[in-house]
Amino acid sequence: MFSNDMLEQISSVIKLPDISSEALRTFLNFVYSGSDGSSGARLDEHWFEVLGACHKYCVTSDTLKTICAKSMEKTLNFKNCWLSLEKISILDPARVQAAREASKPVPQPQVMPRYNRYGAM
């Protein structure tokens, strides 16, 4: 990127429009140090962006994904639950579909009425 005649090499600027600077700082801090940098409040606000960065840059750390999931759980409420599900389904549609299938009610077998030998219940 910086060794060829590309825009980033000429301008010395890399634009990442899909992540805020705070979320990028949290993401990079974890990638280089292995911790979220005690930025729990920051991560609570930007968990989806950090999780998206994991997905985009192929960071397979279950630790960071778990930290993002815990931040999501802390901030999840009735008003934002559908938005959170929509965000997660963008990143991992197969897992969301599996969760939907698992949460469907299981049909219960119908119980036949018991009759005695005279035909009455």
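Computed from the coordinates by the stated procedures, all read-outs in this text should not be read as laboratory data. Source: prediction; values computed, not measured. Reconstructed Cβ throughout: ideal geometry from the backbone, glycine too, with neighbour counts over all protein chains shown.
Annotations
- For the pair Asp18 and Asp44 in one chain, pulling the backbone fully straight at 0.36 nm per residue adds 7.6 nm over the alpha carbon distance.
- Each of Lys74, Lys104 has some number of other Cβ atoms within 10 Å of its Cβ, and from fewest to most they run Lys104, Lys74.
- Theoretical gain in end-to-end length, His55 to Lys74 [0.36 nm per residue, Cα-Cα removed]: 4.7 nm
- Per-residue 3J(HN,Hα) values for the range 73-84, derived from phi via the Karplus relation 6.51 cos²θ - 1.76 cosθ + 1.60 with θ = phi - 60°, read 4, 5, 9, 6, 8, 4, 6, 10, 5, 5, 5, 5 Hz in sequence order (x marks Gly and Pro).
- Taking the fewest neighbouring Cβ atoms within 10 Å as the starting point, the ordered list for Leu28, Leu7, Leu64, Leu51 is Leu7, Leu28, Leu64, Leu51.
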